[in-house]
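The values are calculated or read from the model by the stated rules, or taken from the named source; none is laboratory data. No experiment lies behind these values; they were computed from the predicted model shown. Every residue, glycine among them, receives a Cβ derived from its backbone with ideal geometry; neighbour counts consider all protein chains shown. Side chains are part of the model used for accessible areas, which takes the heavy atoms of the whole protein and leaves out ligands, DNA and RNA. Shrake-Rupley method; radii C 1.70, N 1.55, O 1.52, S 1.80 Å.
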Amino acid sequence: MMGWYDDGWGANWPATVMMMLFWVALIGAAIWAAVRFVGSGPGAAGTTAAPTPRSVLDQRLASGEIDAEQYVQLRRLLDGRSAGAGTVDAKGQH
C-alpha cells in the first residue's frame, strides 16, 4: 500500500499539466475564433475601402446620372487634363 500518503499529483502530474494546457488552448482557440468571426462581419471597421473618384464617376455614368460627354469632361478633370473642347462620339471616344 505504498502511495497512500500521496498529495494527489503523484505519478499523474504530467497528465494533469497536459489536461490544463489542453483546456487553456481550447478556450484560447474559442476566443480567437469568436474575435475573428465577429471582426470580419459586414460592419467591421476597415473592411471596406472608400470609393475612388474614378469609380464614383463610372457609377454615375452607368446609372445614367451623366451622359458620355459629361463623363469624358469629368474624367479629364480627374486625370489632370484640360476639360476643353473635344468631340465625343456615342461610345464616349474622340
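Quick notes on this one:
- Computed label-point distance, nm, for sites Ile66 and Arg36 using a 7 Å Cα→Cβ extension: 4.3
- Spin-label model, Asp58 to Arg76: label points 7 Å out along the Cα-to-beta-carbon direction sit 2.2 nm apart.
- Within the full protein context, the accessible area of Arg75 is estimated at about 90 Å² for a probe radius of 1.4 Å.
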